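Asker: Dropping the structure in here first, questions after.
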Amino acid sequence: GAGVSQTPSNKVTEKGKYVELRCDPISGHTALYWYRQSLGQGPEFLIYFQGTGAADDSGLPNDRFFAVRPEGSVSTLKIQRTERGDSAMYLCASSVTDRDANTGELFFGEGSRLTVL
Amino acid sequence: RKEVEQDPGPFNVPEGATVAFNCTYSNSASQSFFWYRQDCRKEPKLLMSVYSSGNEDGRFTAQLNRASQYISLLIRDSKLSDSATYLCVVSPNTGNQFYFGTGTSLTVIP
């Protein structure tokens, strides 16, 4: 499809395990975002990529969280030593990067729901 | 302090009613403002941008008050299909980040 694709859609893991969540943005979108959303809350900013580089990673909660986008397209969010508090919906979004052309429309994927037992 | 604050509601209104949501933002240098809609267990989607002069899209009207740092969304003639969570979104003047509010839950009752 032409939309943002996220895998897996659901991930159940045990406390202390390592998890990778993948995002495939819309072709041609150079800006890519990761958000985390807990029940009853709005999406919480984690990290934003412009091309291959992390333009802003100030939202990552601690050093257990890391994200990469090696070729400027697919991105992987990596969580080490998972904790129960990491349980949430992880949303990826992409957008047109040119500020003039940017209507503010972030195109979100359906998310990866992470449950840490 | 959060970048964006919203009253989470819930707002329960009858069909045909007019309902308004407000949102405040903390960064006075913010440049771009938006309302997103999120249906239950779905991803957020852009509803409309908010321009300084105010803008309207059918039954929806968005307004920006820079002096007081708040954004509003007015929905007229509410439909059952308007039931959703409405997220206020602010983008600062640097970079390309988008900060979301907690969202306001709306249920339109038959």
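Asker: Looking only at B:SER49, B:SER78, B:SER28, which one moves most when chain B is put into a Gaussian network model with springs between Cα atoms under 10 Å?
Answerer: Taking springs between Cα atoms under 10 Å, the residue moving most is B:SER28.
Asker: Evaluate the charge dipole of the protein assembly as shown about its Cα centre and quote only its size in Debye, nearest 20, assuming +1 on the Cβ of each Lys and Arg and -1 on the Cβ of each Asp and Glu.
Answerer: For this selection, approximately 520 debye.
Asker: Where in the range B:1-27 does the amide nitrogen come within less than 16 Å of the point 7 Å from the Cα of A:ARG64, taken along Cα to Cβ?
Answerer: none
Asker: Still on this structure: In nm, to one decimal, how far is the B:THR18 label point from the B:GLU56 one, both placed 7 Å along Cα→Cβ?
Answerer: Those two pseudo-labels are separated by 1.1 nm.
Asker: Right, here's the next one. For the pair B:SER81 and B:ARG1, how long in nm is the line joining their label points, each one 7 Å along Cα→Cβ?
Answerer: 4.0 nm
Asker: Related question: Would you calculate the separation in nanometres between label points at B:ASN27 and A:ARG84, each defined as 7 Å from the Cα along the Cα-to-beta-carbon direction?
Answerer: 3.5 nm
Asker: Treating the beta-carbon of each Lys and Arg as +1 and of each Asp and Glu as -1, no other charges, what is the dipole magnitude of the range B:54-110 about its Cα centre, to the nearest 20 debye?
Answerer: Details: 4 positive and 4 negative charges, 16 e Å.
My answer is approximately 80 debye.
Asker: Taking a quarter of the surface of the Cα convex hull of the protein assembly as shown, what do you get in nm²? List each step's numbers first, then the result.
Answerer: Working: hull surface 51.0 nm².
Directional mean of the projected Cα hull area for the protein assembly as shown stands at 12.7 nm².
Asker: For B:GLU43, A:GLU44, give the ranking by accessible area with the largest first, probe 1.4 Å.
Answerer: Working: B:GLU43 30, A:GLU44 80 Å².
From most exposed to least exposed: A:GLU44, B:GLU43.
Asker: Give the carbon-plus-sulfur fraction of the accessible surface of the protein assembly as shown in %, rounded to a whole number; probe 1.4 Å, heavy atoms of protein chains only.
Answerer: C and S atoms contribute 47 percent here.
Asker: Using θ = phi - 60° and the Karplus relation 6.51 cos²θ - 1.76 cosθ + 1.60, list the HN-Hα couplings for the range B:51-61 in order, rounded to whole Hz, with x at every Gly or Pro.
Answerer: 9, 4, 8, x, 8, 10, 9, x, 7, 9, 10
Asker: Right, another one. Put +1 on the Cβ of each Lys and Arg and -1 on the Cβ of each Asp and Glu in chain A; which of A:PHE108, A:SER73, A:GLN37 then has its Cα farthest toward the positive end of the dipole?
Answerer: A:GLN37
Asker: Then there is this: ³J(HN,Hα) across the range B:33-41 via Karplus (A = 6.51, B = -1.76, C = 1.60, θ = phi - 60°), whole Hz, x for Gly/Pro?
Answerer: Taking θ as phi minus 60°, the curve returns 9, 8, 10, 10, 10, 10, 7, 4, 6 Hz for the range B:33-41.
Asker: Also, I was wondering about something else. What do you reckon, how do A:LEU39, A:LEU21 stack up by accessible area (1.4 Å probe), largest on top?
Answerer: Values: A:LEU39 175, A:LEU21 0 Å².
Per-residue accessible area, sorted high to low, gives A:LEU39, A:LEU21.
Asker: Could you rank B:PHE11, B:PHE33 by how accessible they are, 1.4 Å probe, largest area first? It would help to have the intermediate numbers written out before the result.
Answerer: Details: B:PHE11 55, B:PHE33 5 Å².
Highest to lowest solvent-accessible surface, that is B:PHE11, B:PHE33.
The values are calculated or read from the model by the stated rules, or taken from the named source; none is laboratory data. Since the model is a prediction, treat every value here as computed from it, not as a measurement. Methodologically, a virtual Cβ is constructed for each residue, glycine included, from the backbone with ideal geometry; neighbour enumeration extends over all protein chains shown. These accessible areas exclude ligands, DNA and RNA; they are computed on the full protein's heavy atoms, side chains included. Shrake-Rupley method; radii C 1.70, N 1.55, O 1.52, S 1.80 Å.
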